[in-house]
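Peer 1: The structure's right below; bear with me while I get my questions together.
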Amino acid sequence: MNWRMYITNSYRIMALGVFTASLALLRGPSLLAGSACLLTAGLLTYRGVRIALVAALFLGGLSLMARRPSAMAALLITGSMIAMAGSDRIISRVLILASTGLTFASGALDDLLPLVPAVLAAAFLPGARRRGAVEGAGLVLMLLAAGLPAASDRNVARGWERIEGGTAEWTHDEPLDLATPVLVLDAGEERFQHLSLTMSAGGTRDRLPVGMVVSGDSTLPVMPGDNTLEIDHPDFPVTVLLTREWKPFNHPVIHFIRAEAGVERAD
């Protein structure tokens, strides 16, 4: 009778569902959150080297407390590779491989390409030592080719600019959130007399500033709700920053609508 196995599988599904719902509530949807959920699924189906499971659980849990996407990605990749090397079950390794793929796709870290063949091979190789050796070779190749992975500059967005007829305009469609907290507005060699920025902010449970706009030595707060900020003689590049850090039940975000400026051409 397979009653015990049925209960075990039901428990795993329930635990994964609770974890996924809690993560979505606390951190919001993202590729890294999806990676954490898939790693959890892989660990729930894990069977193999116990110390590898303990290490992966520790690193996966630690990743949830990371404030920066790059730190979360590094912890998730490390935990995934350890678990993949130690797991004897193909379903577990496939789920962990999917987790690693989402971490790569998040773009939180650069220079990870040399790891891709090693991770793909390790997912389907028999033997923990063989899988560990392949992953180790991939790490050595990555270090030789590109050094230690660095935080990606893809978490810095740039506004699309249009300068024409003595005026300038910037637009940016994607919101600023914890994954992409910086927006840079540049103007090349142009000089401006006045800059007006329109944006909205929210996702917090208080009335404190969600971010700021920095222009040279000038700093203006971005408050929850609709914002229209005016800057005379702005010093470019102008930067819009999401300054709120992650807290439970908060998903800080700034929606950049547009920026307009009057242009005085440099002599």
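Peer 1: Please work out if ALA98 is part of a helix (DSSP H, G or I) and touching a residue at least 60 places away in the same chain (Cβ under 8 Å).
Peer 2: yes
Peer 1: Can you report the number of residues in region 110-132 which are free of Cβ contacts under 8 Å to residues at least 24 places away in the same chain and closer than 12 Å to MET84 by Cα?
Peer 2: 8
Peer 1: Could you look through region 244-265, keep only residues that are open to solvent by 60 Å² or more (accessible area, probe 1.4 Å) and not in a strand (DSSP E or B), and pick out the one that is modelled with the highest pLDDT?
Peer 2: It comes out as HIS251.
Peer 1: Oh, and also: Does region 159-176 hold any residues that are in contact (Cβ under 8 Å) with a residue 60 or more places away in the chain and either open to solvent by 80 Å² or more (accessible area, probe 1.4 Å) or assigned to a strand (DSSP E or B) (or both), and which are they?
Peer 2: Once the filter is applied, which keeps residues that are in contact (Cβ under 8 Å) with a residue 60 or more places away in the chain and either open to solvent by 80 Å² or more (accessible area, probe 1.4 Å) or assigned to a strand (DSSP E or B) (or both), region 159-176 yields ILE163, THR167, ALA168, GLU169, TRP170, THR171, LEU176.
Peer 1: Of these, THR198, THR100, which one is more than 28 Å from ILE254 (Cβ to Cβ), β-branched (Val, Ile, Thr) and open to solvent by less than 60 Å² (accessible area, probe 1.4 Å)?
Peer 2: Sole residue among the options that is more than 28 Å from ILE254 (Cβ to Cβ), β-branched (Val, Ile, Thr) and open to solvent by less than 60 Å² (accessible area, probe 1.4 Å): THR100.
Peer 1: Right, another one. For the subset of region 43-79 comprising residues that are in contact with a helix residue (DSSP H, G or I) (Cβ under 6 Å, 6 or more places away or on another chain) and part of a loop (DSSP other than H, G, I, E, B), which member is surrounded by the most Cβ atoms within 10 Å (Cβ to Cβ)?
Peer 2: TYR46
Peer 1: Filter region 213-242 for residues that are open to solvent by 60 Å² or more (accessible area, probe 1.4 Å) and in contact (Cβ under 8 Å) with a residue 24 or more places away in the chain and give the result.
Peer 2: ASP226, THR228, GLU230, ASP232, HIS233, PRO237
The values are calculated or read from the model by the stated rules, or taken from the named source; none is laboratory data. Quick caveat: nothing in here was measured; it's all calculated off a predicted structure. Cβ coordinates were reconstructed from backbone atoms using ideal geometry, including for glycine residues, and neighbour counts include every protein chain displayed. For the accessible areas, the whole protein counts, side chains as well, though only heavy atoms, and no ligand, DNA or RNA atoms are used. Shrake-Rupley method; radii C 1.70, N 1.55, O 1.52, S 1.80 Å.
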